[in-house]
Amino acid sequence: MKIAILNGPNLNLLGKREPEIYGSQTFEDYFEILKNKFPQLELIYYQSNIEGELIGKIQELGFTYDGIILNAGAYTHTSVGIGDAIKAVTTPVIEVHISNTYARESFRHQSYISGNAKGVILGFGLKSYDLAIEAFL
């Protein structure tokens, strides 16, 4: 089973950025833990701060992978284009967020991804990614 994890803007700063919200671990370190925890899977990881690059990656993987786990970061709340890309592909997408977006600013309550996603997992820290993998299994 092939699963891709795609992270959007500012998630390259995990471990440094607002550790009270996002924790103190880098995603690269956490990705190694995920690969060890799920050795039966072919996991890849991609991060971009650029909306079009994320759309391109969704389109590239969206017909050949078994699942995409997407944390679009702030693009969740602004990108019709990412929502449309998810709708256009056949690979199921699970939307994840490290924080509980509903416990934060009101603009974070809107998602252009959720309506096209297989499901949404949020608020469990980095464990949200584990839960998404489990959902695909």
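Remark: the L131-T78 segment gains 16.6 nm on full extension, using 0.36 nm per residue and subtracting the alpha carbon distance.
With all protein chains kept in place, the per residue accessible area of the stretch 24-137 amounts to 48 square angstrom at a probe of 1.4 angstrom. Taking the Cα centre of the stretch 37-137 as origin and assigning +1 to Lys and Arg Cβ atoms and -1 to Asp and Glu Cβ atoms, the resulting dipole is close to 240 debye. Gap in Å between the Cα centre of the stretch 1-28 and the Cα centre of the stretch 57-78? With the stretch 57-78 and the stretch 1-28 each reduced to a Cα centre, they are spaced 15 Å. Spin-label pair A88-F63: with each label point 7 Å from Cα along the Cα-Cβ axis, the two points sit 1.1 nm from one another.
As a fraction of the 1.4 Å probe accessible area of the chain, surface on carbon and sulfur atoms comes out at 51 percent.
Extension gain for the segment I33 to E53, taken as residue separation times 0.36 nm less the Cα-Cα distance, is 4.6 nm to one decimal.
Extending 7 Å from Cα along the Cβ direction at N100 and again at S24 yields two label points whose distance is 2.3 nm. Subtracting the Cα-Cα distance of Q40 and K16 from 0.36 nm times their residue separation leaves 5.6 nm of extension gain. Can you compute the helix-only [θ] at 222 nm over the chain? Use -39500 (n - 2.57) per DSSP H run of at least 4 residues, normalise by all residues, nearest 500 deg cm²/dmol. Counting only the DSSP helices, I get -9500 deg cm²/dmol.
The values are calculated or read from the model by the stated rules, or taken from the named source; none is laboratory data. A quick note: this is a predicted structure, and the numbers were derived from the prediction, not measured. Every residue, glycine as well, gets a Cβ built from its backbone with ideal geometry; the counts of neighbours run over all protein chains shown. When the accessible area is computed, the model is the full protein with side chains, heavy atoms only, and any ligands, DNA or RNA have been set aside. Shrake-Rupley method; radii C 1.70, N 1.55, O 1.52, S 1.80 Å.
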